[in-house]
Amino acid sequence: MSVNLAKGDYTVGWICALSTELTAALAMLDEIHPSLPRSSSDTNTYVLGRIGAHNIVIACLPQGRAGISAVAITANLMKHKFSSIQFTLMVGIGGGVPSAMHDIRLGDVVVSTPGPQSGGVVQYDFGKTIAESRFVRTGVLSPPPTVLLTAISLLRARHEASGGQLSHHLSAVNTPNLQSKYTHQGSQHDQLFVAEYDHISDVDCKNCDESKLVMRAERGSLDPVVHYGAIASASQIMRHSGTRDRLGSELGVLCFEMEAAGLMNDFPCVVIRGFWGVFWIDASNDETAERGFLDIADICGFEKDLESTKKRLSNMKKRWLLIVDNADDPSVNISKYFPAGNRGTILVTTRNYKCESHQTVGSWESGRMELKDAVALLLKTTAVEDRVDNALLSSAENIVKDLSCLALAITQAGAFIREQHYSMEEYRDVYSHSRRVLLSRQPAQANSNYKYTVYTTWEVSMEKIAATSDQTARNAIEILKFFSFLHFDGISEQIFRKAWENIRESKPSEWMLSHLLGVLLQVKSAAWDPWLFREATSLLETYSLISVRREDGHNIFSMHPLVHTWSRDRLGKEQKKYWLTATLTLGMSVPRQFLSYDHKLQRSLLPHIDSCLKFHHGELFLDGDRENECLDVASEFARMYAECGQFKEAKSLDEKVLETRRRRSGEDHPATLKSMSILATTYKALHHFEESKELSEKLVQTRSRTLGENHPDTLRSMSHLAVIYNCLGRFKEAKEFGEKVVNLRIEALGALREDGQAIFCSMTTLADAYYSLGRLEEAKQFKEEVVKISTRTLGEDHPITLTAMHSLAIFCGCLGQLEQGRCLGERVVKAQMRVLGADHPHTLVSMLNLALTYGSLGCPEEAKQLAEEVVKARIKAFGEDHPDTLRSMSILEDTYCSLGLFKEARELGEKVVEANVRMLSNDHPNTLRSMFNLASTYHSLGLLEEAKQLKEKVVEARIRALGEDHPNTLESKSNLEETYRSLGLFKEAKRLREEVSEAQSRTSGQGHHPGSASNPEFHNNSKEPSPSERKRYKRPPDESQSADQPPHKRARPSFRRASAPAPSHSRKKRRPSRRPNKEQHENP
């Protein structure tokens, strides 16, 4: 039945590019309507008809004309005549992009829908492939109208629910001619070749090499599959499968076509405007740039002259795009290659950040690829993306991580694997020992004419810097070599400022000066002037060899990991020379004094120390004329590790330093004894008490013989040995040595009446010695005298005076004088916040001990507030795994328990245990204490089985480490006994009680540490000392920590604890309170 409708009745437009597409469109119409009168200005020919309830206008592009411009003209004429059209469909043939994610085959359907990178259609020729195989494009096409998107959602849901009706619609086409030409031709005609294969003919694949076919699983049906995603559009046919796959991955598109971009922004559909011409020039230097313009002139028929070509482009009425590529050389003025006017668009690709000044509409920085995208690129370039399994994916991930997700490196790696028929694991083996060769290699069958390999890209930049031949260039090259031995990220300018300051203060030898970073020696001003350094780093940044960011008011430098590797590989035989420069300069940057900001600097140094020690670190321990200076650097590195809580790393270095000094200088040399003392302290920090005892005994013997018993160094060694004896439970020897030290200190004090500073130090040490013997009242008297002397001689707010007050506050707590301790503690915290700052480690120590005092006074809310502040500050300063952080978290855990916040306490306690196990070991005393605290929290929550398991682990570990009769072991058994009773395990509880009683009977005659009888857990310096216990305003002349200044102990506060509801099986069982037995207080 013929239906005559007016122009206003047609609401849907349909555009076909080819006559074959029009034929298929006509077959889909439910009815065809008569044509309407034609306007003389309208060159389109329309077919009118209906599908369902929709009246449709169909137009086809003129024969022989295709592309964005043709479709834009056709669409605009249609829109002008049929003004009631609400939206337009572009339906036709496209080139699919099959991949591991999208199994697109012959006859499938792709519907354009918006995604993360586009509105549904991407005009991919608005840009080009640039350095590192990155494709840069500008402009975003409008998405389809909402009415279409909601319709697509509904159709998609129906299709997935019921399988759709595509087969039904296709079967309705019963014309024999259409059936033979426009239905599926069979899977044997659906052939997919590997992307790298160049076909013999553009017509068909009869003569193509079938060994290059990709084997795909058979589908169970010939019905087309509908895919939803982005479609790539351009004014050119996509004939290259490698480029297809690369762009498909980068742009996230499912198919390619030639016309859709002509519709997008002018019509409610999906596309962007096109260009009359896209031109590319290589701006590596002036010669290549000018040659590029001559090529443009040749293509367009312009006069072969730079200025003439620019002028012709400026006057061109059509829109054009000019890509200025590789504009990396700062000596090339790229602006002289910009045509005037506003008809064109200019896209600049550069590694020189200063070129950003030329932008008028914006800029975009291309970083490293995402891991999944990098893996996809490698799989494509190796032509294995259709044979992927978990093992292959894992190998691909390892390779792209090795290559730091750099696109150019991945592309060249894939080409090598493909050409040489290597497996990915074999490539990793080759890469590990032939990295420089591989990254300097150009693939034999490269798909691109890009002339640079991974390494030569940066080598060209270095050659340009070197060609400058001025001092800034020489400094830049030396700094890059220096950076190559540090960690590639987080290189703070503070490192160089601190090194310069220490060079000025310490006056190193001529040999040391000759091996330090040269730019530091060029700064002659009275204060650090960063001008020369920043000039050099700015030059490196200009060539994108480094990048710079600002953090906390300081410049932070970083390098791409492969640039970092290249800059080291290129040194060849000079590697040791520049490694030594980096190592010695880094050693000079270690803070000599502990200031309020230094803990951040210390933490930032560790990755760079790690990096330096990976290369040639044995050179630090070789015999030679300058060995002592290298050993001093190694010792400073060890101190940094210790002050940041990495005692295992400190131990490794300290052992090597001592071994070398013994070999070089002998056992009695002062330098050897200093290293011995430091290692003894490190052993103690790791709770290797036997090893610490052996070294301490040797120290006491040697110093007594060579220096005399009254010498301060000897007394420090004796005090340290007394502490170690106490840690080992040898209380009798500890008491004897402690009393001997006290007597010798009293003699020394009498001989120092004229030296106020010496009196101060000696009285402080004597007070600690009294404390170690349990003579707390006498210790307190000396502490009070120390406060008076330091206040009078140094001032009330001097850090040393505040430290003395803090120590006195702790003594008051030990003696039960809590109010006096609180007043002193609050005074110290207030002054330290004013003098040192709220985040200074000494301030945090005082705040934490004040929190303990609040807890002991029954003020848990105040304790909680302070402890939370300390935890937050220490996490920020040191990280979550630092011993100081974990100790403060443990105290906060106990505070939460006192407030009945058992869930919060459990969460915190589990974090502490997990971190201690990871950082230390299962049997380390810090780990065991945290397990014991967590077990108490579990008990409070009614988790008795979990509490029992943890306490059993603690008992077993302490028996192994300390023996059956050690007070800590007995205390752990007593606590486990209570848990057994709560679980109704009375037989096991009785056995433990008898074991504890027998052990106490055996050891009742021995001397003991103060508090060890009533509270063995609180015993004897057995906790790992915090970094704050090793930190001093000046490092002692021969020890990293004075052993006669032991960290004082304090009983765990006995908080009144709220009850948590216990499960029904344990409500009436006795719940042990958390005993006041955890060493908690800290010493600055």
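The values are calculated or read from the model by the stated rules, or taken from the named source; none is laboratory data. Since the model is a prediction, treat every value here as computed from it, not as a measurement. Positions of Cβ are generated from backbone atoms using ideal geometry, with glycine treated the same way; all protein chains shown enter the neighbour counts. Side chains are part of the model used for accessible areas, which takes the heavy atoms of the whole protein and leaves out ligands, DNA and RNA. Shrake-Rupley method; radii C 1.70, N 1.55, O 1.52, S 1.80 Å.
Of all residues assigned to region 855-876, none qualifies as being part of a helix (DSSP H, G or I), touching a Lys or Arg at 6+ places or on another chain (Cβ under 7 Å) and surrounded by 18 or more Cβ atoms within 10 Å (Cβ to Cβ).
Annotation note: of Phe302, Phe275, Phe256, Phe293, the sole residue that is surrounded by fewer than 22 Cβ atoms within 10 Å (Cβ to Cβ) and at pLDDT 80 or above is Phe302.
Within region 463-511, which residues are of a type in the set (Asp, Glu) and free of Cβ contacts under 8 Å to residues at least 40 places away in the same chain? Step through it out loud before you land on a result.
Keep residues of region 463-511 that are of a type in the set (Asp, Glu), which gives 463, 470, 478, 489, 493, 501, 505, 510.
Answer for region 463-511, where residues must be of a type in the set (Asp, Glu) and free of Cβ contacts under 8 Å to residues at least 40 places away in the same chain: Glu463, Asp470, Glu501, Glu510.
In the set (1) open to solvent by 20 Å² or more (accessible area, probe 1.4 Å); (2) among the hydrophobic types (A, V, I, L, M, F, W, C); (3) modelled with pLDDT of 85 or more, Leu322 fails one condition alone, (1). Within region 328-340, residues that are in contact (Cβ under 8 Å) with a residue 60 or more places away in the chain sit with their Cβ atoms under 6 Å from residues that are assigned to a loop (DSSP other than H, G, I, E, B) and open to solvent by less than 40 Å² (accessible area, probe 1.4 Å), at 6+ positions apart or across chains, in these pairs: Asp328/Asn352; Pro330/Asn352. Cβ-Cβ contacts under 6 Å between residues 6 or more apart (or on different chains), taken from a first residue in region 712-725 that is more than 22 Å from His688 (Cβ to Cβ) to a second residue that is in a helix (DSSP H, G or I), are listed as Asp713/Arg703; Thr714/Arg703; Thr714/Ser704; Leu715/Val741; Leu715/Leu744. Remark: pairs (first residue in region 521-544, farther than 18 Å from Ala327 by Cβ and of a type in the set (Asp, Glu); second residue open to solvent by 20 Å² or more (accessible area, probe 1.4 Å) and modelled with pLDDT of 90 or more; Cβ separation under 8 Å; 6+ apart in sequence or on different chains) = Glu535/Thr472. Restricting attention to region 773-793, and to residues there that are among the aliphatic types (A, V, I, L, M) and not in a loop (DSSP other than H, G, I, E, B), which single residue is nearest to Leu844 (Cα to Cα)? This residue is Val787. Quick check on region 794-819: of everything there that is touching a Ser or Thr at 6+ places or on another chain (Cβ under 9 Å) and polar (S, T, N, Q), which residue is nearest to Thr843 (Cα to Cα)? So, considering only residues that are touching a Ser or Thr at 6+ places or on another chain (Cβ under 9 Å) and polar (S, T, N, Q), the one nearest to Thr843 (Cα to Cα) is Thr803. Among the residues of region 296-339, the ones that are of a type in the set (S, T, N, Q) and either within 39 Å of the chain's Cα centre (by Cα) or in a loop (DSSP other than H, G, I, E, B) (or both) come to 4 in all. Here Gly909, Gly813 are screened, and the one residue that is free of Cβ contacts under 8 Å to residues at least 40 places away in the same chain, assigned to a helix (DSSP H, G or I) and surrounded by 17 or more Cβ atoms within 10 Å (Cβ to Cβ) is Gly909.
All conditions in (1) without any contact (Cβ under 8 Å) to a residue 60 or more places away in the chain; (2) of a type outside the set (Gly, Ala, Ser); (3) over 23 Å from Glu952 (Cα atoms) hold for Thr927, with the sole exception of (3).
Being part of a helix (DSSP H, G or I), among the small types (Gly, Ala, Ser) and more than 21 Å from Ser846 (Cβ to Cβ) is the filter here; which residues of region 877-906 pass it? Scanning region 877-906 gives a single hit, Ala905.
Residue-wise test of (1) at pLDDT below 85; (2) farther than 30 Å from Leu222 by Cα.
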residue	(1), (2)
Leu48	no, yes
Asn55	no, yes
Arg65	yes, yes
Ile68	yes, yes
Met90	yes, no
Leu106	yes, no
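Scanning region 879-906 for residues that are buried (at least 23 other Cβ atoms within 10 Å of the Cβ) and of a type in the set (D, E, K, R) turns up Asp884, Arg887, Glu893, Asp894. Here Thr345 fits the description: outside any loop (DSSP other than H, G, I, E, B) and modelled with pLDDT of 75 or more.
Within the group Leu539, Leu571, which residue is open to solvent by 20 Å² or more (accessible area, probe 1.4 Å), closer than 16 Å to Glu463 by Cα, over 24 Å from the mean Cα position of the chain (by Cα) and of a type in the set (A, V, I, L, M, F, W, C)? Of the residues listed, the single one that is open to solvent by 20 Å² or more (accessible area, probe 1.4 Å), closer than 16 Å to Glu463 by Cα, over 24 Å from the mean Cα position of the chain (by Cα) and of a type in the set (A, V, I, L, M, F, W, C) is Leu539.
The listed residues are Thr453, Thr472, Thr468, and the only one of them that is over 27 Å from the mean Cα position of the chain (by Cα), open to solvent by less than 50 Å² (accessible area, probe 1.4 Å) and at pLDDT 80 or above turns out to be Thr472.
Return the residues of region 834-854 that are surrounded by fewer than 18 Cβ atoms within 10 Å (Cβ to Cβ), under 32 Å from the mean Cα position of the chain (by Cα) and among the hydrophobic types (A, V, I, L, M, F, W, C); say none if nothing qualifies. Result: Ala838, single match.
Within region 666-713, restricting attention to residues that are β-branched (Val, Ile, Thr) and closer than 18 Å to Arg639 by Cβ, the residue that is nearest to the chain's Cα centre (by Cα) is Thr682.
When the helices (runs of 4 or more DSSP H) confined to region 631-746 are screened for residues that are modelled with pLDDT of 80 or more, surrounded by 17 or more Cβ atoms within 10 Å (Cβ to Cβ) and touching a Lys or Arg at 6+ places or on another chain (Cβ under 6 Å), those reaching at least 2 such residues are found at 670-685, 712-727. Considering region 545-565, and only residues there that are aliphatic (A, V, I, L, M) and in contact (Cβ under 8 Å) with a residue 12 or more places away in the chain, the residue that is nearest to Asn326 (Cα to Cα) turns out to be Leu545. Can you find a residue in region 958-975 that is within 37 Å of the chain's Cα centre (by Cα), part of a helix (DSSP H, G or I), buried (at least 22 other Cβ atoms within 10 Å of the Cβ) and in contact (Cβ under 8 Å) with a residue 12 or more places away in the chain? No. Restricting region 17-31 to residues that are touching a strand residue (DSSP E or B) at 6+ places or on another chain (Cβ under 6 Å) and surrounded by 15 or more Cβ atoms within 10 Å (Cβ to Cβ), the residue that is nearest to Ala234 (Cα to Cα) is Leu22.
Condition check for Cys823 on (1) assigned to a helix (DSSP H, G or I); (2) more than 11 Å from Ala809 (Cβ to Cβ); (3) open to solvent by 30 Å² or more (accessible area, probe 1.4 Å): one failure, at (2).
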